[in-house]
């Protein structure tokens with residue numbers, strides 16, 4: 001039985017390009033950082049918050065030949 005892992009992320013999008021600033025398993029840590037980002041960001045940028053969920057599909061070892 002596998003456990004999903006959820007990561008919270010925040011960054012800025014400027015002119016369509018995204019830059020990550022923080023990533024954490026703790027959503028309140030990311031929310032606190034977003035509050036700081038909102039007070040310091042430029043008018044031509046937007047704050048982005050992402051929630052990413054990862055699930056282990058397989059743990060079978062694979063042989064990779066070079």
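The values are calculated or read from the model by the stated rules, or taken from the named source; none is laboratory data. Quantities reported herein were computed from a predicted structural model and do not represent experimental measurements. When we count neighbours, we look across all protein chains shown, and the Cβ atoms used for this are built from the backbone with ideal geometry, even at glycine.
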Mind checking whether some residue in segment 27-43 is assigned to a strand (DSSP E or B) and either surrounded by 10 or more Cβ atoms within 10 Å (Cβ to Cβ) or modelled with pLDDT under 95 (or both)?
no
As an exercise: evaluate residue 15 against (1) under 13 Å from the mean Cα position of the chain (by Cα); (2) in contact (Cβ under 8 Å) with a residue 24 or more places away in the chain and give the number of the one condition it does not meet.
(1)
Residues of segment 3-13 classified as modelled with pLDDT under 95 and surrounded by 11 or more Cβ atoms within 10 Å (Cβ to Cβ), total:
1
Touching a helix residue (DSSP H, G or I) at 6+ places or on another chain (Cβ under 6 Å) and under 17 Å from residue 6 (Cβ atoms), is that true of residue 22?
yes
Which residues, taken from segment 18-28, are free of Cβ contacts under 8 Å to residues at least 12 places away in the same chain and farther than 18 Å from residue 54 by Cβ?
19, 28
